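Peer 1: If you scroll down you'll find the structure; I have some questions about it.
The values are calculated or read from the model by the stated rules, or taken from the named source; none is laboratory data. These numbers were taken from a predicted model, which means no experiment stands behind them. Positions of Cβ are generated from backbone atoms using ideal geometry, with glycine treated the same way; all protein chains shown enter the neighbour counts.
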Amino acid sequence: MIRYWRTLLALLVFAALTGPVLAQNSAEEAFGKLKSLEGVWEGNDMEGNRSEVTYRVVSDGHAVLETIGGKEEPGMVTVYHLDGKKLMMTHYCSAGNQPRMTASALSENGASLNFSFLDITNLKTPSDGHMAGLKLSFLDDDHIAATWTWEKEGKKMPYKFKLERQKKDK
């Protein structure tokens with residue numbers, strides 16, 4: 001019986017010591033996946049509007065800058081970065097507010113990354129429209145899907161993009 005308790009205690013100590021390291025590595029792995037998107041991506045939103053999204057690794061590798069533009073929408077910027085064991089993002093929205101979101105890790109199979117709403121600046125009233133979530137799906141090295149969640153007056157609406165990496169001319 002003493003052996004059982006010693007083994008259990010050893011496992012608990014191991015979990016307590018390695019848990020934060022695993023969480024940190026998960027956020028770093030997710031950030032690495034974002035860095036791998038560097039380049040120009042083009043595609044359509046769910047309404048068929050053409051969009052261009054550019055990812056750039058900036059600040060000596062400590063941030064990823066995403067710019068979103070298209071003929072039917074004003075340009076917007078999102079900055080992704082690590083904050084300890086969390087992956088953070090701030091979206092500078094054309095609605096004039098700046099939601100911040102967090103993601104801790106890639107999905108178990110590495111195919112998606114979900115950002116959840118943390119807080120927001122420049123929101124006049126809680127019912128005003130703002131981005132409240134983001135799911136990035138990594139379909140393969142050259143195809144991604146982004147589902148932004150817009151929230152207004154307590155109602156959430158998905159806004160989807162399918163994007164393809166644009167190859168550099170050789």
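Peer 1: Select from the range 53-78 the residues that are acidic (Asp, Glu) and modelled with pLDDT under 95 and list them in ascending order.
Peer 2: Those that are acidic (Asp, Glu) and modelled with pLDDT under 95: Glu72, Glu73.
Peer 1: Taking the residues in the range 128-160 that are among the hydroxyl-bearing types (Ser, Thr, Tyr) and at pLDDT 95 or above as candidates, determine which candidate is nearest to Gly48 (Cα to Cα).
Peer 2: In this case the residue turns out to be Thr147.
Peer 1: Does at least one position in the range 149-167 carry a residue that is within 15 Å of the chain's Cα centre (by Cα), under 26 Å from Lys85 (Cβ atoms) and assigned to a strand (DSSP E or B)?
Peer 2: The answer is yes, given that some residue of the range 149-167 is within 15 Å of the chain's Cα centre (by Cα), under 26 Å from Lys85 (Cβ atoms) and assigned to a strand (DSSP E or B).
Peer 1: Given the condition farther than 21 Å from Ile144 by Cα and in contact (Cβ under 8 Å) with a residue 12 or more places away in the chain, answer yes or no: does some residue in the range 107-115 qualify?
Peer 2: Checked the range 107-115: no residue is farther than 21 Å from Ile144 by Cα and in contact (Cβ under 8 Å) with a residue 12 or more places away in the chain.
Peer 1: Taking into account only those residues within the range 108-162 that are surrounded by 12 or more Cβ atoms within 10 Å (Cβ to Cβ) and of a type in the set (D, E, K, R), which is nearest to Gly96 (Cα to Cα)?
Peer 2: Top of the filtered list is Asp128.
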